[in-house]
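In what follows, a single structure is set out as structure tokens and then discussed.
Throughout, read-outs are computed from the coordinates displayed, never taken from laboratory work. Computed from a predicted model, the values in this text were never measured in an experiment. Here the Cβ positions follow ideal geometry from the backbone for every residue, glycine too, while neighbour counts run over all protein chains shown.
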Amino acid sequence: MEILNDEYYMRLALNLADGASGQTGVNPVVGCVVVKEGRIVGLGAHLKRGEGHAEVHALNMAGEQASGATAYVTLEPCSHYGQTPPCCERLIKEGVSRVVVAAVDPNPLVAGQGLARLREAGIEVLAGVLEAEAAVQNEAFNKFIRTGLPFVTLKTAMSLDGRIATRTGHSRWITGAAAREAVHTLRHRHSGIMVGVQTVLADDPELTTRLSVPALHPARIIVDSKLNTPITARVLNEAAPTIVLTTLRADESRAERLRQLGAEVLRCGDGERVDLVAAMRELGTRGISSVLLEGGGVLNGAMLEAGLVDKVNLFYAPIIVGGEGAPSAFSYVGPNEMSAALRLSGVSMQSYGDDWCVTGYPSNR
Ligand code: AOF
Ligand code: ZN
């Protein structure tokens with residue numbers, strides 16, 4: 001049984017926020033719980049960019065009961081006029097007497113000013129309750145608002161010996177149904193999904209989100225320096241927008257053919273290969289704040305080497321594939337010394353049926 005205290009209500013607010021993960025676009029996920037005299041009187045979550053913030057929904061539900069109440073908010077109430085008016089003014093207007101916050105808003109337009117404004121109005125403010133959980137929950141927003149670059153999660157499904165296909169190139173399926181559903185949930189939670197053209201050529205994936213309930217499709221992003229994506233590729237269908245990343249050297253008539261099929265072609269750099277840093281910046285300006293990187297091995301290696309991978313979700317099936325030249329999840333030159341290997345921090349493991357997912361954060365970037 002969870003003890004009834006500030007953390008209890010904050011956990012509820014975090015759970016409300018978590019439910020909306022993937023549907024707030026470039027905005028953070030935020031939850032709010034309003035409690036008056038030992039009773040929950042309002043609940044809310046931010047559900048969509050441009051629509052009400054969490055506090056607004058919860059205060060609307062609380063109505064007159066908000067006066068003298070405590071509001072639990074997973075993110076510092078905003079102090080600026082964005083697409084909606086400032087939440088701290090609304091909390092003040094409703095006569096809330098105490099505000100408990102998990103994380104300070106890293107948005108430079110807010111960044112502590114919301115808390116200061118509440119205090120100035122005589123409201124008791126406590127910040128930092130379940131702060132670490134809140135930071136993980138909004139890790140993508142936190143990176144994007146500071147850098148303008150999308151938060152990149154590398155996902156791969158492989159054998160215990162790190163293979164993503166057999167020596168003949170056969171790859172369906174490595175992991176079981178539960179792990180694959182987890183992957184589709186990851187797709188729902190990201191605003192972009194990225195693969196290399198080799199994956200398009202080898203597997204002809206659709207790169208949409210398919211679950212037992214309707215879910216959101218991320219924008220599909222193909223790294224394709226020579227524009228070799230076939231016009232019949234399923235990734236070009238109308239299920240979701242498609243962005244093809246290429247270089248200034250790529251053939252314009254090929255680019256035009258892709259555009260005619262509805263794809264956006266972005267030229268990043270004038271080198272042999274796509275300038276991945278420039279590409280991430282371009283995606284950021286298009287409002288893609290999180291990217292699920294689904295390989296293959298060469299693109300995974302290049303993204304890691306460029307220091308562009310923020311997090312990894314490595315799904316392992318309990319199989320050994322062998323095969324001298326069988327494709328591996330990470331193909332890049334790699335270091336000479338073991339001590340220079342890429343190390344993960346904050347590692348955790350979760351099981352899905354017979355498979356395991358190792359989650360961690362590349363730390364030597
Ligand atoms: C809150 N509560 O529920 C959210 C906040 O353009 P807007 O008006 O939606 O503002 C977006 C910014 O507001 C976003 O970058 C972040 O700083 C904050 N989000 N703040 O008080 C919420 N979603
Ligand atoms: Zn707000």
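Points to keep in mind about this one:
- FRET efficiency for ARG172 and ASN15, using Cβ-Cβ distance with R0 set to 41 Å, rounded to 0.05: 0.70
- Positive end of the dipole of the chain (Cβ unit charges, origin at the Cα centre): among ALA239, PHE151, ASN60, the Cα lying farthest that way belongs to ALA239.
- Among GLY112, ILE320, ALA135 - extreme Cα towards positive end, dipole of the chain, charges at beta-carbon: ILE320
- Residues ILE320 and LEU201, FRET efficiency given R0 of 41 Å [Cβ-Cβ distance, rounded to 0.05]: 0.95
- Dipole in debye (nearest 20) - the stretch 115-211, about Cα centre, beta carbon charges: Lys, Arg +1; Asp, Glu -1: 240
- Using the Cβ-Cβ distance between THR147 and GLU272 with R0 set to 30 Å, the FRET efficiency works out to roughly 0.70.
- Rough spin-label spacing in nm, given labels placed 7 Å along Cα→Cβ, for LEU248 and ALA340: 3.1
- Residues ILE164, ILE123 arranged by fewest to most Cβ contacts within 10 Å: ILE123, ILE164
- Long-range HN-HN contacts of SER328 with modeled amide H, under 5 Å: ILE164
- Only helices enter this figure: runs of n ≥ 4 DSSP H residues, each worth -39500 (n - 2.57), summed and divided by the residues of the chain, yield -8000 deg cm²/dmol at 222 nm to the nearest 500.
- Cβ charges +1 (Lys, Arg) and -1 (Asp, Glu), total dipole of the chain, debye: 500
- Extension gain, GLU305-THR285: 0.36 nm per intervening residue step, less the Cα-Cα distance, totals 4.9 nm.
- Note, ³J(HN,Hα) from phi for the stretch 225-240, Karplus 6.51, -1.76, 1.60, rounded to Hz, x at Gly and Pro: 5, 9, 6, 8, 5, x, 5, 8, 4, 5, 5, 8, 6, 8, 5, 7
- A simple spin-label model places pseudo-atoms 7 Å from Cα toward Cβ; at LYS93 and THR185 they are separated by 3.8 nm.
- Kyte-Doolittle mean at least -1.0, axial Cα span of 24 Å or more - DSSP H helices of the chain: none
- Long-range HN-HN contacts of VAL223 with modeled amide H, under 5 Å: VAL195, GLY196, VAL197, LEU245
- The stretch 6-141 - convex hull of alpha carbons, volume per residue in Å³: 86
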